[in-house]
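Colleague: Encoded as structure tokens, here's the structure I'll be asking about.
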Amino acid sequence: MQFAEPVREHKGLVSRVESSTLLEDDIGDRVDEQSFDALCAAFRSSGGVAWEEDLSRMLQDRHPDTNDSLARLIASNQVFSFEWRGTRWVPMLQFELGDLSLRSSVLQVRSELDKELDEWGVALWFARRNAFLGDRRPAESLESNLSAVLQAARVDRFVSVW
């Protein structure tokens, strides 16, 4: 499975997200088709998104000796996901794509985010452009500038309480 490919299957339907017609910056606060497509496109450069079921099987195949199922990782807030039309999606920026181990940088950033953010809000935060990151997305800046992403999360958390 290639995560960065902009093809999504949903309950037997296949839809192709054309990057030429999609506005990656048009991620709305509402959970609607346009926002979902834009969210998927925004995560493309950091590994894309995966169906929970597919990723769960892949994790089990790569790490058969571990008790950490994807469901447990999500339930314990070690991994974030979001739901769209009855299907759970997982942004792959949380995993090393080679061996599917967890990336600690994402956990560090999430610990700095506002605790009131729901699963859609966390996904939006990582996918939307951020002024504190020079108008880059946190998902795109994790590897190159983790300290700035952590600072942006702290600032956003501070601003949200005011």
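The rows are residues; the columns are (1) of a type in the set (Gly, Ala, Ser); (2) at pLDDT below 95; (3) in a loop (DSSP other than H, G, I, E, B).
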{"residue": "58", "(1), (2), (3)": "no, yes, no"}
{"residue": "73", "(1), (2), (3)": "no, yes, no"}
{"residue": "114", "(1), (2), (3)": "no, yes, yes"}
{"residue": "117", "(1), (2), (3)": "no, yes, yes"}
{"residue": "132", "(1), (2), (3)": "no, yes, no"}
{"residue": "150", "(1), (2), (3)": "no, no, no"}
{"residue": "154", "(1), (2), (3)": "no, yes, no"}
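Colleague: Taking into account only those residues within the stretch 134-148 that are part of a loop (DSSP other than H, G, I, E, B) and of a type outside the set (Lys, Arg), which is surrounded by the most Cβ atoms within 10 Å (Cβ to Cβ)?
Modeller: Among those residues, the one meeting the criterion is 142.
Colleague: Based on this model, can you work out whether residue 114 counts as farther than 18 Å from residue 46 by Cβ, acidic (Asp, Glu) and without any contact (Cβ under 8 Å) to a residue 60 or more places away in the chain?
Modeller: Here the answer is yes, as residue 114 does meet what is asked.
Colleague: Does at least one position in the stretch 154-162 carry a residue that is free of Cβ contacts under 8 Å to residues at least 60 places away in the same chain and within 15 Å of the chain's Cα centre (by Cα)?
Modeller: no
Colleague: Now a separate question. Restricting to the stretch 76-101, name every residue that is within 14 Å of the chain's Cα centre (by Cα) and open to solvent by 60 Å² or more (accessible area, probe 1.4 Å).
Modeller: Within the stretch 76-101, 77, 78, 83, 96, 97 meet the criteria.
The values are calculated or read from the model by the stated rules, or taken from the named source; none is laboratory data. Predicted model only: the values in this text are computed from it and were never measured. Every residue, glycine as well, gets a Cβ built from its backbone with ideal geometry; the counts of neighbours run over all protein chains shown. Side chains are part of the model used for accessible areas, which takes the heavy atoms of the whole protein and leaves out ligands, DNA and RNA. Shrake-Rupley method; radii C 1.70, N 1.55, O 1.52, S 1.80 Å.
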